[in-house]
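J.: This structure is in structure tokens; I'll ask about it shortly.
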Amino acid sequence: MKKRQMTGILFVLPSLIGVCIFVLIPFLDVIRRSFLEAVNSRWVGIQNYLTVFTNPAFLLAGKNTLRFVGICIPLLIVLSLSIAAFLNRQAAGGILKTCFLLPMAIPVASVVLLWRVLFHNSGLLNHLLHSLGYAGTDWMNTGFAFWILVISYLWRNLGYNIVLWMAGLSSIPVSLYEAARVDGAGSFQCFLKITMPGLMPTLFTISVLSLLNSFKVFREGYLVAGDYPHESMYLLQHLFNNWFRDLSLDKMAAGAVTCAAVIFALVLILKKSWGGEED
Amino acid sequence: MKKILPLLFCFLLAGIACYPILFLLTGSLMADTELSSLLGPVLKGSKGYASFRLLPMMPTLKHYAGLLLDSPEFFVMFWNSVKLTAGILAGQVLVGIPAAWGFAKYRFPLKKAVFTLYILLMMMPFQVTMLSNYLVLDRLHLLNTHAGIILPAAFSTFPVFIMYRFFCGVPGSILEAAQIDGAGPLQIFLHIGLPLGSAGVVSAVVLSFLEYWNLIEQPLTFLQDKRLWPLSLYLPNISLDRAGIAFTASVTALFPAVLIFLSGQDYLEQGIIASAIKE
């Protein structure tokens, strides 16, 4: 091996050793355990996976998670793109961007208090509805709990996506728009024919990153509603937490390997969209 | 004229996004009597609906004094948060910078595969690695210690990825010139790479700070001893009849994060863009 290659490895090595000890080797152990019985480590093949896939809690959590992702991500993408497209050539764009980004910095724990006061049965939101002449709802203990989670997610992630969209928008040359204007294109046509195609690569990356960020919404849900929230917001993350507390290590192992496989596939697609050239 | 309406809408949305900060500040400056008359229905179950004011009627710093003088447990938690965050950031910088440099500027066998592994690991949500994390901490007798939280996070691959993106932008010609002048790999790294990639380091630190100041899942899972808990877990456990203290503690937890956000916003945006868009 050349000396230069050796130097490169030496730079990476401390980090790689840590990653192996704390993540990689234990995760390989988890893969092994996913084929074993929890108590006496007997080989059971794919039995644990079958147990997980037929587990009603897993099916509920999986369904909720898919529903959550399926609603949140399109909503977030459309909302953040509209705002970014609007702010892009706007004098007040900078300050507004800061405002939208700020929720990213607010610790979840600090917001819990507001969520409680806002969504309580006799809280602020119901007060508002009441004074407008509508009947309130017990937000946290009905199907609306799910929507509170959606709003929390949008609120925290909007700024992040706006920043990404604005970066994507500013990479489209202004001269293209000018040329189109000269040829008589309206602003909607410009958006359709220039902006949209120019943003396609960004769209893909943003979708995958939004998906991965959506796992973090569990924090809000957990801190507001605890281990067993209303069943509409019972997500995979709650399930893993409860399995962990019950020490259902075999189910956890199979569940973790399944989720890791899904994310692995997503990352491979993401890498392809980046062009895959890392050297 | 056509642009006024969307602009107003954006300002309204931005106002909503930032309102939680005002809500917490206002609450923390209200006297107990004002808080309980406004939030009574939520806090104590009295009749009617909770309401709130934009600003306190009679601002008082009493709760801040109370928090500083009469809440020894608050100091312990705040100190725990500082210790965890500082430890994690120090580890990430120390191990992560050389690794990012190695990935960005050297070629060695299996580099592509190892780097893909790093990307994969940075995308894994906590719940997927929870079990493997537990197994290794158990083996190393690090459960229920701060080191058990700090060490795995210090080897997080996310900051490596961010800094890698910035180091890739350091032009190779400068490095070659330095090499011809007789500089060794370590000199080149310390005197050329580090200064030119410093924006990446700051971006990674800002993003990590916001993430780890907000730490919920790891301490909740791995720290049984509540005296070791960080602020982010203490806040939701303040009972609502101590609303004044809950507000004040929330503001105190919020303060460092907002400070870092405002002073490092440019770096934060650069970091967000680096996390998604390949130049």
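J.: With a ≥ b ≥ c the root eigenvalues of the C-alpha gyration tensor of region B:40-85, is it rounded (a/c under 1.5), prolate (a/b larger than b/c) or oblate? Intermediate results must be reported in sequence, preceding the final value.
T.: On the way: a/c = 2.60, a/b = 1.96, b/c = 1.33.
Because a/c hits 1.5 or more and a/b exceeds b/c, region B:40-85 counts as prolate.
J.: Could you work out the relative contact order of chain B, using alpha carbon pairs under 8 angstrom and six or more residues apart, expressed as a whole percent?
T.: It comes to 28 percent, rounded to a whole number.
J.: Roughly how big is the B-A contact, given as buried accessible area in Å² (both sides, 1.4 Å probe, nearest 100)? Mind dumping the intermediate values first?
T.: Numbers: alone 16910 and 17150 Å², together 25110 Å².
Looking at B and A, the buried total is near 8900 Å².
J.: Give me a comma-separated list of calculated 3J(HN,Hα) values for region B:123-133, in order, Karplus coefficients 6.51, -1.76, 1.60 applied at θ = phi - 60°, integers in Hz, x for any Gly or Pro.
T.: Those phi angles translate into 8, 6, x, 4, 4, 6, 9, 4, 5, 5, 4 Hz.
J.: Round to a whole number: what % of the accessible area of chain B belongs to carbon and sulfur, probe 1.4 Å?
T.: Details: 8470 of 12420 Å².
Carbon plus sulfur share of accessible area: 68 percent.
J.: Of A:Ile162, A:Ile21, A:Ile73, which is the most mobile in a GNM of chain A whose springs link Cα atoms less than 10 angstrom apart?
T.: Highest fluctuation among the options: A:Ile21.
J.: Rounded to the nearest 500 deg cm²/dmol, what is the calculated helix-only ellipticity per residue at 222 nm for chain B, with -39500 (n - 2.57) per DSSP H run of length n ≥ 4?
T.: On the way: 15 runs with 198 residues, N = 279.
Per the formula, -22500 deg cm²/dmol.
J.: Related question: Counting only protein heavy atoms, what percent of the accessible surface of region A:31-141 is carbon or sulfur at a 1.4 Å probe? Each step should come with its number before you reach the end.
T.: Values: 3610 of 5300 Å².
Exposed carbon and sulfur together represent 68 percent of the surface.
J.: May I ask you to work out the translational diffusion coefficient for region A:19-164 at 10 °C, viscosity 1.306 mPa s, via Stokes-Einstein with Rh from the Kirkwood sum over Cα pairs, reported in whole µm²/s? Before the final figure, lay out each step's value.
T.: Working: Rh = 19.5 Å.
Diffusion coefficient, whole number: 81 µm²/s.
J.: Please compute the net charge surrounding A:Lys97, taking Lys and Arg as +1 and Asp and Glu as -1 over other residues with Cβ under 12 Å from its Cβ. Walk me through the intermediate numbers first.
T.: Details: positive: none; negative: B:Asp266, B:Glu269.
Every neighbour counted, the sum reads -2.
J.: Provide the per residue accessible area, probe 1.4 Å, for region A:172-258, rounded to a whole number of square angstrom.
T.: Working: 3760 Å² over 87 residues.
Heavy-atom SASA per residue in region A:172-258 reads 43 Å².
J.: Given a 1.4 Å probe, how much area per residue of region A:93-164 is accessible, in Å²? Walk me through the intermediate numbers first.
T.: Values: 2430 Å² over 72 residues.
Roughly 34 Å² per residue, with all protein chains present.
J.: Taking the Cα centre of region A:6-143 as origin, sum charge times position over the Cβ atoms of Lys and Arg (+1) and Asp and Glu (-1), and report the length of that vector in debye to the nearest 20. Don't skip to the end; give the middle numbers.
T.: Values: 8 positive and 3 negative charges, 34 e Å.
Rounded to the nearest 20 debye, it is 160 debye.
J.: Under a GNM of chain B (C-alpha, springs under 10 Å), which listed residue has the highest mean-square fluctuation: B:Val206, B:Val251, B:Val136?
T.: Taking springs between Cα atoms under 10 Å, the residue moving most is B:Val136.
J.: Further question on the same structure: Using a 1.4 angstrom probe on protein heavy atoms only, which residues from region B:246-274 are buried by at least 50 Å² of accessible area when all chains are present rather than their own chain alone?
T.: Residues losing area: B:Phe261, B:Glu269, B:Ile272.
J.: OK, next. Express the relative contact order of chain A as a whole percentage, based on alpha carbon pairs under 8 Å and six or more residues apart in sequence. The partial results should precede the final answer.
T.: Working: 233 pairs, mean separation 80.3, N = 279.
In percent, rounded to a whole number, it is 29.
J.: Given a 1.4 angstrom probe, what's the average accessible area per residue across chain B, in square angstrom? If you can, show how the numbers build up before the last one.
T.: Details: 12420 Å² over 279 residues.
Result: 45 Å² of accessible area for each residue.
J.: Amide H neighbours of A:Leu36 under 5 Å, at least 5 residues apart or on other chains, H built in the peptide plane: list them.
T.: The list, which skips near neighbours in sequence, is A:Val44.
J.: Hey, if you put +1 on the Cβ of every Lys and Arg and -1 on every Asp and Glu Cβ in region B:119-254, which of B:Leu137, B:Phe155, B:Gly172 ends up farthest toward the positive end of that dipole?
T.: With unit charges placed on the Cβ atoms, the residue in question is B:Leu137.
J.: I want to verify a result. In a Gaussian network model of chain A, Cα cutoff 10 Å, which of these has the top mean-square fluctuation: A:Asp227, A:Asp138, A:Asp246?
T.: Between A:Asp227, A:Asp138, A:Asp246, it is A:Asp246 that shows the largest mean-square fluctuation.
J.: Would you work out the relative contact order for region B:1-58, in percent, from Cα pairs under 8 angstrom that are 6 or more residues apart? Walk me through the intermediate numbers first.
T.: Details: 30 pairs, mean separation 17.5, N = 58.
Across region B:1-58, relative contact order equals 30 percent.
J.: Just how large is the dipole of region A:139-279 about the Cα centre, in debye to the nearest 20, putting +1 at every Lys and Arg Cβ and -1 at every Asp and Glu Cβ? Numbers along the way, then the final one.
T.: Working: 9 positive and 10 negative charges, 34 e Å.
Using only the charged Cβ atoms, the result is roughly 160 debye.
J.: Just give me a number: lysine pairs in chain A, eight or more positions apart or cross-chain, with C-alpha atoms less than 26 Å apart. It would help to have the intermediate numbers written out before the result.
T.: Numbers: A:Lys63/A:Lys216; A:Lys63/A:Lys251; A:Lys97/A:Lys193; A:Lys97/A:Lys216; A:Lys193/A:Lys272; A:Lys216/A:Lys251; A:Lys216/A:Lys271; A:Lys216/A:Lys272.
Counting lysine pairs in chain A gives 8.
J.: Computed on alpha carbon atoms, what radius of gyration and Dmax characterise region B:1-56, expressed in Å?
T.: Final numbers for Rg and Dmax: 15.7, 49 Å.
J.: In region B:196-233, what residues drop by 30 Å² or more of accessible area when the other protein chains are put back, versus the chain on its own? Use 1.4 Å, and skip ligands and nucleic acids.
T.: B:Leu210, B:Glu211, B:Asn214, B:Ile216, B:Glu217, B:Leu220, B:Thr221
J.: Within region A:194-279, list the GluC sites (Glu not before Pro) lying in a DSSP loop whose Cβ has at most 12 other Cβ atoms in a 10 Å radius. Write down the numbers at each step before the final one.
T.: On the way: sites: A:Glu220, A:Glu231, A:Glu277, A:Glu278; in loops: A:Glu277, A:Glu278.
The qualifying sites are A:Glu277.
J.: Wrap a convex hull around the Cα atoms of chain B, take a quarter of its surface area, and give that in square nanometres.
T.: Details: hull surface 86.0 nm².
If I average the Cα hull's projected area over directions, I get 21.5 nm².
J.: How large are Rg and Dmax for the protein assembly as shown when only the alpha carbon atoms are used, in Å?
T.: Every Cα atom of the protein assembly as shown included, Rg and Dmax give 24.9, 80 Å.
The values are calculated or read from the model by the stated rules, or taken from the named source; none is laboratory data. Treat the numbers as computed from the prediction; the structure is a model and nothing was measured. Methodologically, a virtual Cβ is constructed for each residue, glycine included, from the backbone with ideal geometry; neighbour enumeration extends over all protein chains shown. Areas reflect the complete protein model, heavy atoms only, side chains present, ligands, DNA and RNA absent. Shrake-Rupley method; radii C 1.70, N 1.55, O 1.52, S 1.80 Å.
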